[in-house]
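Trainee: Before I ask anything, here is the structure I am working with.
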Amino acid sequence: MSREFSKIKESLASWGEIRQLLRGGEQGQLVPVVIPKDRRGFAWMTLVFLAIYFAGMAALTDFKLIGAAAALVFLLLALLTMWRKAIIEIEEGTTGVRSRWGAITGTLPPGRHYLWLPWDRVDAVVDTSTEIPYSAPIVACPTAENVPLKSIEFFLKFRIVDPVAFVRTIGAGNFDLVLSSAVQDAIRQRSRRVNTERAYDLRGSDVGDMQDALNRQLGRYGVRITGANIPDVQLPDQYQQHLATREKVAKELSAYEREWELTRKRRIDTLLMEIERSKKTRDARVVEVKAAHNKARKDVARMLEEQETEAQRVTWEIEARGRAELTAAENEAKALRRLAESYRDNRAVLQYELARRRLDVGAKLAENAPQPLVVRTQQGQSDSALSTLLLAQLLPRISGTGTGQLNGHTPSA
């Protein structure tokens, strides 16, 4: 790591050396501004005086032709020299600062320009397109615990955006002092906000606030910071040893954690395998249970179907028996109804027959009825014993004859 600040300076050089100085610097130092040497001079005035001398000689002597030719030649040489010395070429990516009688009047863009008047000149050529790198290692920066860091390297890039303001207000040499002071102040303020154990976090951290602060400080000089970062931080040696011990412990802890992680993963994998095996066994048992359940459902369904069929058969038998008994009862009722009707019809016939038979019996009884036997006695006299005896013998015989005739038998004599 570089232990020295980058140096910024301005150089005095001829026009041919400007490009090399702006691009490569001088002796390891940055050269953003070059003061060109004025190469015009007054040599062309000598040629003008010679042309005037030969012109006077052509007018006052007999060597008119030679004097006129010599005057014309020297005049042309003077004009050519003046034209050649008036050419100013500004390199691409640079800007020329033009002045007249020492006062800055403007800038010259890249390209060819002509300065005919000797009091017009280019005071400086400024590199306005290149982002100039600047390295600033800050030593003994205290942290929040007031522990001085060994060094903090700060790297930035800047570009000159206003060459007139840069040349007029500060210049390259003074800008080097101002920039180094501003960078040191910004770095020390940043380190004061960081704990020592977090000092390495400064490497590659966001330094946008520092860049903005530097732009506010250096903006009036026509300079803009285009980028900044902290590439490296070095802690004190004792603290580095302490950190080395902590790193060693951290590495051992990390190795133990990795080993424990591997052991945990193996155990987890074993448990997962057991879980998968248990799941497979459970799934197989679930399949068996489902098969048994389905079989039981089928058996129950078949049993229910058989019971339903048997119940339907019994129902049909009961219904058939009932219908048969109902039919038989209906037929019996019909027969009884018909029989009753027959009895009702036969009753009248029987009554008629009975009445007719009664009449016949009465007629027969009337025909076979015994004739009354009148035993006449004398009036005023009581029955004699002889008449009573005869009557007692005749009555049974009369009664027997009447009964036999009634039964269809004829009594014997």
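The values are calculated or read from the model by the stated rules, or taken from the named source; none is laboratory data. Just so you know, these numbers come straight off a predicted model, no measurement behind them. Here the Cβ is made from the backbone with ideal geometry for all residues, glycine too, and neighbour counts use every protein chain on show.
Trainee: Answer yes or no as to whether residue 130 is surrounded by 19 or more Cβ atoms within 10 Å (Cβ to Cβ) and polar (S, T, N, Q).
Mentor: no
Trainee: Looking at 107, 128, which one is farther than 30 Å from residue 208 by Cβ and either at pLDDT 80 or above or under 59 Å from the mean Cα position of the chain (by Cα) (or both)?
Mentor: Exactly one residue qualifies, and that residue is 107.
Trainee: Let me ask you something else. Looking at residue 137, is it assigned by TED's automatic domain parsing to the domain that holds residue 201 and surrounded by fewer than 17 Cβ atoms within 10 Å (Cβ to Cβ)?
Mentor: On the way: assigned by TED's automatic domain parsing to the domain that holds residue 201: yes; surrounded by fewer than 17 Cβ atoms within 10 Å (Cβ to Cβ): no.
The answer is no for residue 137.
Trainee: Against the definition (of a type in the set (Phe, Trp, Tyr), assigned to a strand (DSSP E or B) and at pLDDT 85 or above), how does residue 158 come out, yes or no? Don't jump to the end; show me each part of the working.
Mentor: Numbers: of a type in the set (Phe, Trp, Tyr): yes; assigned to a strand (DSSP E or B): yes; at pLDDT 85 or above: yes.
Considered against the rule, which asks whether it is of a type in the set (Phe, Trp, Tyr), assigned to a strand (DSSP E or B) and at pLDDT 85 or above, residue 158 comes out as yes.
Trainee: Here is a follow-up. Taking residue 243 as meeting all but one of (1) aliphatic (A, V, I, L, M); (2) modelled with pLDDT under 75; (3) outside any helix (DSSP H, G or I), write down the number of the exception.
Mentor: (3)
Trainee: Is one or more of the residues making up region 171-179 in a strand (DSSP E or B) and of a type in the set (Gly, Ala, Ser)? Walk me through it before giving the result.
Mentor: Narrowing region 171-179 to residues in a strand (DSSP E or B): none.
Looking for residues that are in a strand (DSSP E or B) and of a type in the set (Gly, Ala, Ser), one finds none in region 171-179, hence no.
Trainee: Next question. Considering only region 353-368, I want to know if a residue exists there that is over 30 Å from residue 393 (Cα atoms) and modelled with pLDDT under 75.
Mentor: Of region 353-368, the ones over 30 Å from residue 393 (Cα atoms) are 353-360.
Restricting the remaining residues to those that are modelled with pLDDT under 75 gives none.
No, every residue in region 353-368 fails to be over 30 Å from residue 393 (Cα atoms) and modelled with pLDDT under 75.
Trainee: Related question: Taking the condition under 23 Å from residue 22 (Cα atoms), hydroxyl-bearing (Ser, Thr, Tyr) and part of a strand (DSSP E or B), does residue 129 pass? Walk me through how you get there before you give the answer.
Mentor: On the way: under 23 Å from residue 22 (Cα atoms): yes; hydroxyl-bearing (Ser, Thr, Tyr): yes; part of a strand (DSSP E or B): no.
No; evaluated as a whole, the condition is false for this residue.
Trainee: Separate question: Please tell me if residue 185 is exposed (fewer than 13 other Cβ atoms within 10 Å of the Cβ) and closer than 17 Å to residue 228 by Cβ.
Mentor: Values: exposed (fewer than 13 other Cβ atoms within 10 Å of the Cβ): no; closer than 17 Å to residue 228 by Cβ: yes.
Judged against the criteria, residue 185 is not a match.
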